[in-house]
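First the structure, in the form of structure tokens, and then the observations on it.
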Amino acid sequence: MVAIRIEFDDDEQYERLKKLKKHRGLTWKGLLLEGEKRVLEQTPE
């Protein structure tokens, strides 16, 4: 297993992402994977 440390620019950014994570019922890993999916959907091959 690999561990990753995420540094946020400020408390506001952290709170915004934490709220989104909770609203979607995700873990931090799940939020990251959802972000990856959206980026791949929007990026032409």
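Points worth noting:
- Within the range 21-45, considering residues that are part of a loop (DSSP other than H, G, I, E, B) and out of contact with any helix residue (DSSP H, G or I) (no Cβ under 7 Å at 6 or more places or on another chain), the one surrounded by the most Cβ atoms within 10 Å (Cβ to Cβ): THR27
- Tally, over the range 5-20, of residues that are surrounded by fewer than 10 Cβ atoms within 10 Å (Cβ to Cβ) and part of a helix (DSSP H, G or I): 2
- Close pairs from the range 27-45: first within 13 Å of ILE4 (Cβ to Cβ) and at pLDDT 95 or above, partner surrounded by 10 or more Cβ atoms within 10 Å (Cβ to Cβ) and of a type outside the set (Asp, Glu), Cβ under 6 Å, at least 6 apart: LEU31/LYS21
- Any hit, the range 9-20, residues being at pLDDT 95 or above, touching a helix residue (DSSP H, G or I) at 6+ places or on another chain (Cβ under 6 Å) and at negative phi: no
- Flag if VAL2 is exposed (fewer than 11 other Cβ atoms within 10 Å of the Cβ), in a helix (DSSP H, G or I) and either of a type in the set (A, V, I, L, M, F, W, C) or in contact with a Lys or Arg (Cβ under 8 Å, 6 or more places away or on another chain) (or both): no
The values are calculated or read from the model by the stated rules, or taken from the named source; none is laboratory data. Note that this is a predicted model, so its numbers are computed, not measured. Because the Cβ atoms are built from the backbone with ideal geometry, glycine has one as well, and the counts that use them run over all protein chains shown.
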